Amino acid sequence: MRGYLIAGFALAALTGAGVAQQASFGKGMLNPNAPIDISADNFTADANAKTGLYTGNVVVHQGEVALRANTMRAQFVNDKPSRINAQGKVVIDAPSGIATGDNGVYDVNPRIITLTGNVVLTKDKNVMRGRQLVVNLITGLATLDGGEGKGGRVQALFSPSSEPSDTQKP
């Protein structure tokens with residue numbers, strides 16, 4: 001039972017990181033006291049290795065944020081989460097947008113999340129693509145590095161709103 005609680009706590013930390021990527025990059029957009037709902041096909045706790053592993057269509061909901069991946073593994077030091085790895089079709093879905101990548105890592109201290117492999121950030125019709133996204137949840141600094149395709153550059157497509165803003169109306 002203790003392993004379930006620890007793994008659930010660790011995944012809550014990763015969910016909070018997902019909000020930061022899409023919203024204001026760690027500026028308190030997630031209520032850490034909101035209930036956490038985790039579902040997966042399987043869960044395995046390894047007390048000796050101090051890990052918890054969720055496998056098979058892993059879905060974590062907290063508030064309005066959802067995190068999905070094929071597998072998630074939480075590592076612990078002194079009964080506290082130190083690192084969480086999400087692998088395979090990682091999707092972070094928040095009201096402010098969607099971030100996807102092949103893999104994700106949340107380093108609890110220093111509170112840095114990294115998405116790697118075919119990273120795509122989407123908000124409405126706006127899209128950014130790169131190889132790696134690194135977000136510091138304390139400072140709010142986010143960096144998207146270019147991929148190997150398209151000359152190793154970050155790709156962005158911003159679509160202007162179809163409605164003119166108040167400053168543009170006659």
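The values are calculated or read from the model by the stated rules, or taken from the named source; none is laboratory data. As the structure is a computational prediction, the values presented were derived from the model and not from experiment. With ideal geometry, Cβ positions are generated from the backbone for all residues, glycine too; neighbour counts draw on all protein chains shown.
Out of N57, N31, I need the residue that is under 17 Å from the mean Cα position of the chain (by Cα) and at pLDDT 90 or above. Which one? Don't jump to the end; show me each part of the working.
On the way: N31 fails: at pLDDT 90 or above.
Of the residues listed, the single one that is under 17 Å from the mean Cα position of the chain (by Cα) and at pLDDT 90 or above is N57.
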Given (1) modelled with pLDDT under 90; (2) surrounded by 23 or more Cβ atoms within 10 Å (Cβ to Cβ); (3) in a strand (DSSP E or B); (4) of a type in the set (V, I, T), where does V19 come up short, assuming only one miss? (3)
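Among residues belonging to the stretch 43-57 that are outside any strand (DSSP E or B) and not basic (K, R), point out the one that is nearest to G88 (Cα to Cα). Working first, answer last.
Taking the stretch 43-57 first, the residues outside any strand (DSSP E or B) are 47-50.
Among the residues that remain, those that are also not basic (K, R) are: 47-49.
Details: A47: 24, N48: 25, A49: 22 Å.
Residue satisfying both the conditions and the ranking: A49.
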Tally time: how many residues in the stretch 58-80 are assigned to a strand (DSSP E or B) and touching a residue at least 24 places away in the same chain (Cβ under 8 Å)? 15
Output the residues belonging to the stretch 71-96 that are more than 15 Å from I113 (Cα to Cα) and in contact with a Lys or Arg (Cβ under 6 Å, 6 or more places away or on another chain). F76
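Okay, residues lined up against (1) buried (at least 16 other Cβ atoms within 10 Å of the Cβ); (2) in contact with a strand residue (DSSP E or B) (Cβ under 7 Å, 6 or more places away or on another chain):
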| position | (1), (2) |
| --- | --- |
| M72 | yes, yes |
| P95 | no, no |
| A99 | yes, yes |
| V108 | yes, yes |
| K123 | no, yes |
| M128 | yes, yes |
Long-range neighbours under 9 Å by Cβ, at least six apart or interchain, first residue among the β-branched types (V, I, T) within the stretch 132-145, second surrounded by fewer than 16 Cβ atoms within 10 Å (Cβ to Cβ) and part of a loop (DSSP other than H, G, I, E, B): V134/L141; V135/L141; I138/P110
From Q75, Q87, which residue is modelled with pLDDT of 80 or more, within 12 Å of the chain's Cα centre (by Cα), among the polar types (S, T, N, Q) and under 25 Å from A142 (Cα atoms)? Q87
